[in-house]
Amino acid sequence: MSTQTSVSHSTSAAAGAPIVVVSHLCKKFQRDSFAVVALDDVSMQIAAGDFVALMGPSGSGKSTLLNMIAAIDHPTSGELRVMNENVFAFSDHQAAQWRNRHIGYIFQTFNLLPVLTAFENVELPLLLTRLSKAERREHVELALQLVGLGDRMHHLPKQLSGGQEQRVAIARALAADPTLLLADEPTGDLDSGSATEVLEILTRLNRDHGKTVVMVTHDPHAATYARTVRHLEKGRLQN
């Protein structure tokens, strides 16, 4: 994750071109004899370099939309293009490779492996790349330094606070220098102080390193850190 790469992403962000284009997206789940509508004719664009908060109550469809941007889930109908690619046309293998190159995903529950150190947790997705061992080390150390954990890289998750664990998770999402950072309720399991630290890190990654950030949240305070706020209600976009 070189400075040169970050600068190039920032230049792309300055152009303001849409990096995500969602067109008439619908998603229905069948539960017994009932059809549950998760997304109902959603259309929106996300500009490169933006920091977008997707807000809404539980069940509003915001996490479903985030998973579709990551090519994890597929719609019932509609189209979604990321970096001008139809992500729903990918095979499972192609989608996994594409995610590894372009998507950094931050989970609410950290999803760190307890037997691995912070360094090893961050390195894990890089083992699927063609980076050499020395290059992986450089990426991991830089990612951990960016989130303020350069002195904690050899600690196990149980030796870290909740806020520090989430910062390791952010470093893991950053390590491959992704095009998009997707965060699903990244502060949901944190106290207010740790939540503020995480939100400030996301803001800094967006502002100083040109990362496009899409964050799902139901917290109005967290949403104030975003540049753009979009609201979902019962699967429909409200603004």
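The values are calculated or read from the model by the stated rules, or taken from the named source; none is laboratory data. Predicted model only: the values in this text are computed from it and were never measured. When we count neighbours, we look across all protein chains shown, and the Cβ atoms used for this are built from the backbone with ideal geometry, even at glycine. Keep in mind that these areas ignore ligands, DNA and RNA; they rest on the heavy atoms of the full protein, side chains included. Shrake-Rupley method; radii C 1.70, N 1.55, O 1.52, S 1.80 Å.
Using Cα springs under 10 Å in a Gaussian network model of the chain, which residue among V229, V36, V22 shows the largest mean-square fluctuation?
V36
Would you check the accessible area of T224, probe 1.4 Å, heavy atoms only, in square angstrom rounded to 10?
100 Å²
With point charges of +1 on the Cβ of Lys and Arg and -1 on the Cβ of Asp and Glu, referenced to the Cα centre of segment 87-203, which listed residue (P157, L131, L202) lies farthest in the positive direction of the dipole?
Most positive-ward Cα: L131.
Count the DSSP beta bridges whose two residues both fall in the chain, then state the antiparallel fraction as a percent rounded to the nearest 5.
About 50 percent, rounded to the nearest 5.
Quick one: among A175, A183, A134, which has the greatest mean-square fluctuation in a GNM of the chain with alpha-carbon springs under 10 angstrom?
The residue that fluctuates most here is A134.
If you find the alpha carbon centre of segment 91-128 and of segment 51-81, how far apart are they in angstrom?
20 Å
Once you charge only the Cβ atoms, +1 for Lys and Arg and -1 for Asp and Glu, what is the size of the charge dipole of the chain about its Cα centre, to the nearest 20 debye?
With only Lys, Arg, Asp and Glu charged at Cβ, the dipole is about 300 debye.
Heads up, I need the accessible area for M44: 1.4 angstrom probe, whole protein in place, Å², nearest 10.
Roughly 10 Å² of M44 is accessible to a 1.4 Å probe.
What does the highest-first list of 73-86, 195-208, 160-173 look like by mean Cβ count within 10 Å?
Put in order of decreasing packing, that is 160-173, 195-208, 73-86.
Please find, in a Gaussian network model of the chain (springs between Cα atoms separated by less than 10 Å), the residue of L131, L182, L66 whose mean-square fluctuation is greatest.
Maximum fluctuation in the GNM of the chain, among the listed residues, is at L131.
So which lysines pass the test for K27, namely a Cα distance under 16 Å, with those fewer than 8 places away in the same chain ruled out?
Qualifying lysines at Cα under 16 Å: K62, K234.
Using +1 at the Cβ of each Lys and Arg and -1 at the Cβ of each Asp and Glu in the chain, identify which of T228, S23, L116 lies farthest towards the dipole's positive end.
Toward the positive end, the furthest listed residue is S23.
Working from the alpha-carbon coordinates of the chain, get Rg over Rh, Rh being the Kirkwood radius.
Dividing the radius of gyration by the Kirkwood radius yields 0.96.
Can you tell me the relative contact order of the chain? Whole percent, Cα pairs under 8 Å, sequence separation 6 or more.
30 percent
Could you state the principal axis extents of the C-alpha atoms in segment 29-86, from the largest down, to the nearest angstrom?
42, 26, 18
Given the protein chains as shown and a 1.4 Å probe, how many square angstrom of F51 are accessible, to the nearest 10?
Rounded to the nearest 10, that gives 0 Å².
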